[in-house]
Amino acid sequence: MTPKRIALLIVVFFTIATLFHVIEYYSADVSFSPVLLTALRWLVCTGFIAFAWKKKSLTAWIVAAMFIGCEVGYTFPDAALKLNVLASIFLRLIKTIIAPLLFSTLVVGIAAHSNLKQVGRMGLKAILYFEVVTTIALFIGLAAINLTQAGKGATMEVAQEQRDKADKLLEQKHSHDVILDIFPENIAKAVGENQVLQIVVFSIFFGIALAKLSEEKKKPMLSFAEGLADVMFKFTDLVMYFAPLAVGGALAYSVASMGFGVLKNLFMLVGTLYMALVAFILLILVPIGFIIKLPFRKFTKAIAEPVSIAFATAMSEAALPKAMENLERFGIPRKVIAFVLPTGYSFNLDGSTLYLSLASVFIAQVSGVDLTFGQQIQMVIILMLTSKGVAGVRGASFLILVSTVASLGLDPQKAFAILAIDAIMDMGRTTVNVIGNCLATVVVARWEGEFNPADAKDISVS
């Protein structure tokens, strides 16, 4: 059977299973056997396995793992709670790649070409683009929550579990200096704490210093950096074979620990966020793609794997090595990717900034406070400053949300209840973060004349 026919069968069985579950949920008169419902869900999962087997594609296996993980988490919650170790192993392996990969690609990109003016130009263009796009994201978040009024009349009770989780996050809060925290005081410490932006800054200075040496002196180090970059990309390929297991384990754990019932009370907030994220992609990112004449089909293939990994793990860093590799295969020069993509992880968090403005107004609505237009603009200005350069801080979005809500004179404990569904929202905002950063890399490459859309390569997803 061909993959297309299998895909058609998956759609048919998925539709039937969804219909049965909706009828079961909303109808008091109709009831289906739990065995039948479970069998339908597993039939869909089996279809995805067959599709992935025929397709022989990593992306197909990742998608299949998503559905299987959700089913395992729902059907076998006790066993699924132990599967998060799979995602943790994958994330640890990914983190071992990031520092040497960034260092080697940036050093080669700067020292091999010795075009130091271009580094400065790329930096200015990237920061300008990041600031404009993230500001627009903030306003889209505001527009969405003011349109749906999702918090009006809503009641939120903070469970002890969310209170404990919030207390742990607040305990690790530290003073954050946006400028100072860019620069590493110790490169080993920066690598150990996975401070991506600090690693980038160190690598840029190292590359510039190497570029100023004579050809004879810089050749050995340059050869080492080139070899290291090639090795780390091969390392990434090996680690990616583990991605489907990690994705399945992460989603199984999420479903088992939260369940689907948690969505009932805060469904409007989740729905508003996802609609706003889709609107941001369609109204902002897609038009930007048209402006730079982006070959959408080829670009979509290039980012499919990193985006699916980002969605399932809710961690942008997990997608970074594969995104770098695929964008290079797409046709973007390595020196542009190594500079723009990791920098965007600190300054171009489109999904996260949109969420912060949306969630802040939601909490005000729940509290019964009508924020004036001026107060909302004030909040946007605060978020423009506080949401930058915090990608390496665990629970950063929550910490920023709490401080923003407090600055508006609202009870910050109202934010604690959102932690119950934070994982679900984090998947969406992380996905948009990765899409936005991949597009930003193409934009800067096009702006620099380093990429011609006509020369974009079609990636056969492995």
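If the chain between residue 384 and residue 85 were fully stretched, how many nm would it gain, using 0.36 nm times the residue separation less the Cα-Cα distance?
Difference between extended and current length: 104.1 nm.
So, R0 is 25 Å and r is the distance between the beta-carbons of residue 282 and residue 458; what FRET efficiency does that work out to, to 0.05?
0.55
Rank 37, 11, 50 by how far each Cα sits towards the positive end of the charge dipole of segment 3-56 (+1 on Lys, Arg Cβ; -1 on Asp, Glu Cβ) and give me just the farthest.
Of the listed residues, the answer is 50.
Cut-off is 10 Å between beta-carbons; in what order do 241, 25, 74, 129 appear when sorted fewest neighbours first?
So the residues, fewest neighbours to most, are 25, 241, 74, 129.
Once whole DSSP H runs in the chain are found, which of them have Cα atoms spread over 27 Å or more along the helix axis and a mean Kyte-Doolittle score of at least 1.0?
Membrane-span-like by this rule: 3-26, 34-55, 84-111, 116-148.
Between residue 46 and residue 92, what is 0.36 nm times their sequence separation minus the Cα-Cα distance? Round to one decimal in nm.
Separation in residues times 0.36 nm, less the Cα-Cα distance, equals 13.6 nm.
Quick check: pseudo-label points 7 Å beyond the Cα along Cα→Cβ at residue 209 and residue 180, how many nm apart are they?
2.3
If you take all C-alpha pairs in the chain, what percent of them are over 28 Å apart?
54
Could you calculate the contour length gain from residue 116 to residue 147, that is, 0.36 nm times the residue separation minus the distance between their Cα atoms, to one decimal place in nm?
Here the answer is 6.4 nm.
Of the cross-linked pairs 95/234; 4/301; 212/335; 55/82; 117/301, which ones have a Cα-Cα span greater than 22 Å in the structure shown?
55/82; 117/301
For a Förster distance of 51 Å, can you work out the FRET efficiency between the beta-carbons of residue 450 and residue 33, rounded to the nearest 0.05?
0.30
Please report, in debye to the nearest 20, how large the charge dipole of the chain is about its Cα centre when each Lys and Arg carries +1 at its beta carbon and each Asp and Glu carries -1 there.
1200
Using a basic spin-label model with each label point 7 Å from the Cα along Cα→Cβ, how many nm lie between residue 297 and residue 188?
Distance between label points: 5.3 nm.
Which listed residue (315, 365, 63) has the Cα farthest towards the positive end of the charge dipole for the chain, taking +1 on Lys and Arg C-beta and -1 on Asp and Glu C-beta about the Cα centre?
Towards the positive end, the residue furthest out is 63.
Once both labels are modelled 7 Å past Cα along the beta-carbon direction, what's the residue 9-residue 219 spacing in nm?
6.1
Amide H neighbours of residue 456 under 5 Å, at least 5 residues apart or on other chains, H built in the peptide plane: list them.
For residue 456, whose amide H was placed from the backbone, there are no distant partners under 5 Å.
For residue 131 and residue 23, what is the calculated FRET efficiency with R₀ set at 35 Å and r taken between the beta-carbons, to the nearest 0.05?
Approximately 0.10, to the nearest 0.05.
No value in this document is a laboratory result; all are computed from the given coordinates. Given the structure is predicted, the values throughout are model-derived calculations rather than measurements. Using ideal geometry, Cβ is built from the backbone for each residue, glycine included, and neighbour counts are taken over all protein chains shown.
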